[in-house]
Amino acid sequence: MASKHHPVDLKGLLEAKIKQTIEANQLEHRGGFLTTDFVTEIFTTENLAEQLKDHPEAESVPSEDLRKTAQKIRDHQKQLYAILLLMGESRRIHSVIFSEVNSIKDEFLFRPTTTVPSLQWYTKERLDRLTFFDGIADTFYRKQWIFPPSLLTTETLEFPEKHFVFPFESAPELLGSGLHGDVYKVTVSSHFLQIRQSEQVSHVRSCTSPL
């Protein structure tokens, strides 16, 4: 008799990865993060289609349509769906109104524009304007920082200290203190550094708030 197929536990894999990063950088409350590369690796079309079958909304949906939805998530909503999974709100992916189709893509939610200052990429007000986030905007806003924004080497960016997650691959090593705060030596995940080929990555960054 053929054995029953068990779908991949995508939420479990995400949680395990977050736990792994916390163990590496020893920042229990500010160190758990995910990379889009990892999510891309586990969010195959097959895995996503199996995940979608668990939603009551998908009971009468043909398999081919589920695969199309899975491909759309893989192409445009990986970060969004990962956060919804972690929140226990993944079923919302089936309730997108037509006027918001483009507004709930990763390209809109998690990418900078050339006209908007970096601090405004991740505002709660942006979520409040979308029906899709009714009732979960606060939680989603706090949770979305598990995907930290890129740390550019050419400029200093400011982000909300209360929610920002540090994408460190090692535990911070305190080098010294001064008038402007503490200086730590850390290894920043290469996924969050955008540098020119001629530049060298510095592992020393200053921080004025507790890690």
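Among the conditions (1) assigned to a loop (DSSP other than H, G, I, E, B); (2) basic (Lys, Arg); (3) over 24 Å from residue 160 (Cα atoms), residue 11 misses just one, which is (1).
Give 166, 140 a once-over and let me know the one that is at pLDDT 90 or above, within 29 Å of residue 89 (Cα to Cα) and surrounded by 17 or more Cβ atoms within 10 Å (Cβ to Cβ). Result of the check over 166, 140: 140. Considering only residues of region 36-59 that are polar (S, T, N, Q) and assigned to a helix (DSSP H, G or I), which is surrounded by the most Cβ atoms within 10 Å (Cβ to Cβ)? Per the criteria, the residue is 51.
Selection within region 4-35: residues that are buried (at least 17 other Cβ atoms within 10 Å of the Cβ) and not aliphatic (A, V, I, L, M). The member of this set that is farthest from residue 83 (Cα to Cα) is 25.
Quick check on region 31-57: of everything there that is touching a Ser or Thr at 6+ places or on another chain (Cβ under 8 Å) and over 23 Å from residue 143 (Cα atoms), which residue is modelled with the highest pLDDT? This residue is 49.
The values are calculated or read from the model by the stated rules, or taken from the named source; none is laboratory data. This structure is a prediction, so every number in the text was calculated from the model and none was measured. Positions of Cβ are backbone-derived with ideal geometry, glycine not excepted, and every protein chain shown enters the neighbour counts.
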